[in-house]
Amino acid sequence: MKLTTKFTLWYFAIMLVVLLTGGYIVYYEIQDKISRVEVARHQRLNDLIAEQVRRGGDYSNSPTRKRATVTVIPADSVPRGGSSYYTRGIDWNPEFQVNEYRLMVTSYYQIKGQYYRITTYSFIPSFYQLLPGVVDSFKWILLMLLVLVIVSAGLIPKYILAPFKRTLKVIQSFDVKQHSAIRLPQTRTSEFLELNVFLEKMTEKAREDYQSLKEFTENASHELQTPTAIIRGKLDLLMESDIRDEQAILIAEMQNALERLSRIHSSLTLLTKLENQEYDGSSPVCISVLARGILDSFDELIEMKSLRLDAKIAEKVYVPLNPALADLLLTNLVSNAIRHNEAPAGERGWIMVNLAKEGLMISNSGREPQVPVMELFERFKKGNPGGDSIGIGLAIVRQICDLTGFTIQYQFHDGIHTLAVGFTDRVPASRLLQNLGLPLHHVKTVT
Amino acid sequence: MLIIEDNQELARNIRDFLGREGYICESSETVEGATEKLTLFQYDCILLDIGLPDGSGIGLLNLIRSEHKESNVLIISAKNALDDKIIGLEKGADDYITKPFHLAELHARIRAVYRRKNLGGTNIVEFNEISLNTDTFEARVAGKLLDTTPKEFDLLLYFIVNKNRVLSRQAIAAHLWGDYTDNLANFDFVYQHVKNLRRKISNAGGLDYIGTVYGLGYKFNSHQDG
């Protein structure tokens, strides 16, 4: 939910509470005020009648006596304390022939030694008649407020949140690899200012950490590669000196170990670089052309292992990927399929490559792996522990996929290894495995 | 040849190896020393390490390109960083090799660069009855065209350039398949390629120069008795 929507909803809730309470207060205030005014008027009238009585004379036709009753009362029935009180309630209004709300004021006077009770009344609008008016006016107020809040909710946040949005934009485009510190827009809002200061600090720290990590990787790479290069050179030279057969074997074994060391090292460096996202540039690369080229380059190896290659490559499949990484991804997948290809006795091994807009599937015949297939994506995990590989090719493949937002799945079924890479979110690798399932005739092929 | 490399042992490896090929090598460990040598002498080929103790080798490239237009420059770097490679090649280096490399590979690269620049068009490598055209990738034995695959051609060229040297299977694999040979059981393939190549040469009537060195690899012997 948007911040503005939240604010608006809260405003509505508060407004509703305030208006309801306000309505209640207004209603009672009006009711009270009307009563008071009426009571004051009648008291004045009563005073006037008392004055007329004091003066003497016939006032029975005077308009003041229209709704007045003047009664002489014995002294003991004068209530102690107050000289006046009022009552109200529903009563019959003979003028309108209807029951109405009546206010009656009774006052006591002592005139010329006698006690008088003077009572006057009038019909006033009932409070129930007032209520719809109050409700109506508050309805209009509520409506007006609603319109105002909605309109302002659309306009004001644009102005208030503008610095926040600008900050967000800067942060979204932040890249730990960038060489300069981020520049956040100026703002007078203290919260945003605080946020900006924090973000500036944090991104600066991230940048520094990234730089030092990168430097470390590069230094480690440099420092390790040089001694490896020296040893390799010395062995190259030693090989040419006059050596005995046993020594030759020793040198060969050293060469092998050295080769492994150097491969592990360069692969790990590559993985680190991938993790640090040092390969950017996600302009679309035509993977169809790339795939053809790579299959061509592996042609001889495929032939040497007498494998059958069945490639279905759709034209013009573009994926947003660094070309070097795309190359690495395909090379690793294809060479993996060649390397771990093993067909049952008497059959010919095969590789099937299927590239479509949605993704890539590479299947090959092979032995059952000794660990669950999805674990093969981990570093140094090998399906065949005795093999020559160092078990890092698929880790690199997965890293590239993670980096690019591709999905990847590995499946082993019935002597068939299948790796699926889904290029889009819509069609994940698992769907590819279901939909582009292998035609069965490949399994049964016998040479 | 000038070897600009801060690691003395590595520089000595290169000097020893190339010295046997008849190259006259000098080496320098610093930018300063290299600058002095470059202003005083002319070199056919310069091997340049990027990471030097007193500066980057990239800076030296500018000097080399302004003063020594004819020299071939080959960058040696431990950083397999794409940036270095691109900058290096843009600034006028002729090729780029990443540590750790096989000395035979370095030699092959030097020769390739030299061929490209100095022979001006006639890119023919000849050895006795074998001749290789590095432009058209045609291999001929006594004038007869050999039907070689690109990898076999590459292999033969590698052998001839590094003749009379023991080439380990690792070095050959690295040469043929580059840095990412990781996933390939490459030694079997090396064996296959060498076998096929030998068969093709002898079928065409060439001598069998390629010999197996016990435990280590192969060797192209120029002194064949027959």
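The values are calculated or read from the model by the stated rules, or taken from the named source; none is laboratory data. A quick note: this is a predicted structure, and the numbers were derived from the prediction, not measured. Note that each Cβ is placed from the backbone with ideal geometry, even for glycine, and that neighbours are counted across all protein chains shown.
When you go through A:ILE25, A:ILE30, A:ILE124 one by one, which is the residue that is touching a Leu at 6+ places or on another chain (Cβ under 7 Å), within 30 Å of A:VAL147 (Cα to Cα) and β-branched (Val, Ile, Thr)?
A:ILE30
Look through B:THR181, B:THR212 and report the one residue that is part of a helix (DSSP H, G or I) and either within 12 Å of another protein chain (Cβ to nearest Cβ) or modelled with pLDDT of 85 or more (or both).
Sole residue among the options that is part of a helix (DSSP H, G or I) and either within 12 Å of another protein chain (Cβ to nearest Cβ) or modelled with pLDDT of 85 or more (or both): B:THR181.
Residue-wise test of (1) assigned to a loop (DSSP other than H, G, I, E, B); (2) at pLDDT below 85; (3) within 18 Å of B:TYR218 (Cα to Cα); (4) in contact with a Pro (Cβ under 6 Å, 6 or more places away or on another chain).
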{"site": "B:GLY120", "(1), (2), (3), (4)": "yes, yes, no, no"}
{"site": "B:ASP135", "(1), (2), (3), (4)": "yes, yes, no, no"}
{"site": "B:ALA139", "(1), (2), (3), (4)": "no, no, no, no"}
{"site": "B:LEU145", "(1), (2), (3), (4)": "no, no, no, no"}
{"site": "B:LEU157", "(1), (2), (3), (4)": "no, no, yes, no"}
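Of the residues in the range B:18-47, how many are over 19 Å from B:HIS102 (Cβ atoms) and not polar (S, T, N, Q)?
Going through the range B:18-47 one residue at a time, the tally reaches 16.
Could you go through the range A:369-387 and let me know if any residue there is assigned to a helix (DSSP H, G or I), within 18 Å of A:LEU270 (Cα to Cα) and in contact (Cβ under 8 Å) with a residue 60 or more places away in the chain.
No, there is no match, as no residue in the range A:369-387 is assigned to a helix (DSSP H, G or I), within 18 Å of A:LEU270 (Cα to Cα) and in contact (Cβ under 8 Å) with a residue 60 or more places away in the chain.
Which residue out of B:GLU36, B:GLU9, B:GLU29 is in contact (Cβ under 8 Å) with a residue 24 or more places away in the chain and either of a type outside the set (Ser, Thr, Tyr) or within 9 Å of another protein chain (Cβ to nearest Cβ) (or both)?
Among B:GLU36, B:GLU9, B:GLU29, only B:GLU29 is in contact (Cβ under 8 Å) with a residue 24 or more places away in the chain and either of a type outside the set (Ser, Thr, Tyr) or within 9 Å of another protein chain (Cβ to nearest Cβ) (or both).
Taking the range A:319-368, which residues are β-branched (Val, Ile, Thr), more than 10 Å from chain B (Cβ to nearest Cβ) and either under 22 Å from A:GLU300 (Cα atoms) or in a helix (DSSP H, G or I) (or both)?
A:ILE351, A:VAL353, A:ILE362, listed by residue number.
Condition test on A:HIS265, is it surrounded by fewer than 18 Cβ atoms within 10 Å (Cβ to Cβ) and within 11 Å of chain B (Cβ to nearest Cβ)?
Against the criterion (surrounded by fewer than 18 Cβ atoms within 10 Å (Cβ to Cβ) and within 11 Å of chain B (Cβ to nearest Cβ)), A:HIS265 qualifies.
With the condition kept exactly as written, say whether any residue in the range A:219-233 is more than 7 Å from chain B (Cβ to nearest Cβ), within 30 Å of B:ARG15 (Cβ to Cβ) and outside any helix (DSSP H, G or I).
So far as the range A:219-233 goes, no, none of its residues is more than 7 Å from chain B (Cβ to nearest Cβ), within 30 Å of B:ARG15 (Cβ to Cβ) and outside any helix (DSSP H, G or I).
Of all strands (runs of 3 or more DSSP E) completely enclosed by the range A:53-142, which ones contain at least 1 residues that are outside the structural domain of A:ASP32 (by TED's automatic domain parsing) and either modelled with pLDDT of 85 or more or surrounded by fewer than 16 Cβ atoms within 10 Å (Cβ to Cβ) (or both)?
none
Looking at the range A:234-262, which of its residues are of a type in the set (A, V, I, L, M) and either more than 7 Å from chain B (Cβ to nearest Cβ) or not in a helix (DSSP H, G or I) (or both)?
Selection gives A:LEU235, A:LEU238, A:ILE243, A:LEU250, A:MET254, A:ALA257, A:LEU258, A:LEU261.
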